[in-house]
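Bear in mind these aren't lab numbers, they're just calculated from the coordinates by the rules spelled out. This is a predicted model, so every value here is computed, not measured. Cβ placement follows ideal geometry from the backbone for every residue including glycine, while neighbour counts extend to all protein chains displayed.
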Amino acid sequence: MLALAIWLSAAVVGSIILHVRQCATPYAFRGNPAMPASRSAAMLIVALAVLASSASGAEAERVGAKIADFSLKSHFGKEYALHDFADREVVVVLFLGTKCPLAKLYGPRIAELSKSLAAKGVAFVGIDANRQDSLQEVGAYAQRNKFEFPILLDTGNAIADRFAAARTPEVFVLDRDRVVRYAGRIDDQYGFDDGVGFQRPAPGRQDLLEAVNEILSGKQVSVPGGHAALVDHFADHFAPADDFVVAGH
């Protein structure tokens with residue numbers, strides 16, 4: 001029985017580690033050296049013990065930063081630059097990952113938002129900074145969700161670092177001057193509260209939509225930073241080894 005409990009615990013830890021690896025960008029682990037898998041698991045256990053007291057204000061700290069022009073190629077090989085959207089009042093930059101469970105869940109919602117806001121002068125730009133995502137996987141993810149906006153490949157993580165993007169999905173809303181007015185989650189359907197991860201039947205607050213509408217109305221964004229989700233806290237405390245492999249995944 002004890003052996004079974006240990007095996008189940010290891011399986012749960014392994015699944016969480018895999019989830020973190022899939023949903024955190026390289027920026028989240030910047031400055032943390034790779035470590036053996038056993039030490040990674042130990043770090044995760046420590047992280048679980050301190051999640052409830054972890055700070056979640058990183059999003060708000062990035063608000064107010066002006067984003068300089070940049071250019072990246074899409075998975076089709078076409079180059080896009082931020083100045084290509086100069087005629088748009090608002091640009092929403094989304095950091096996405098094809099393997100992240102949350103990015104998969106939010107795919108259809110992102111597509112719907114991008115289409116409904118396009119008529120209001122809002123452009124969506126996806127960025128994939130995960131080196132494990134192949135061109136084929138990025139293309140399949142975009143096609144499956146019927147995205148009508150480009151997904152750009154940030155293979156060197158230079159743009160992710162500029163935004164300080166640490167997880168996927170993570171959104172940054174830029175105003176007409178390309179100043180970050182909102183940084184954080186898409187909505188509050190998934191999150192972490194009092195040490196427990198949660199999932200609501202439907203979002204109570206649509207943070208991204210609210211921020212965009214407030215900017216378009218000439219208002220200050222009332223909530224400029226969405227609260228961190230469960231994986232955000234994991235990424236703050238845990239650096240996975242590049243060679244870590246979870247059996248069965």
Toy charge model, Lys and Arg Cβ at +1, Asp and Glu Cβ at -1: the stretch 84-135 dipole around Cα centroid in debye, rounded to 20, equals 240
Put in order of increasing Cβ neighbours within 10 Å, starting from the fewest, Tyr182, Tyr80 give Tyr80, Tyr182
Three-way shape call for the stretch 52-177 based on the alpha-carbon gyration tensor, with the a/c threshold at 1.5: rounded
Within the under-12-Å Cβ sphere about Ser134, not counting Ser134, Lys/Arg +1 and Asp/Glu -1 give a net charge of -1
Is there a pair in Lys73/Lys120; Lys99/Lys219; Lys66/Lys219; Lys78/Lys115 whose C-alpha atoms are over 24 Å apart, and which pairs would that be? Lys73/Lys120; Lys99/Lys219
The stretch 101-118 versus the stretch 154-191: alpha-carbon centroid distance in Å: 15
Using the count of nearby Cβ atoms within 10 Å as a rough guide to exposure, how do Phe149, Phe124 rank from fewest to most? Phe149, Phe124
Would you mind ranking Leu102, Leu209 by Cβ crowding within 10 Å, fewest neighbours first? Leu209, Leu102
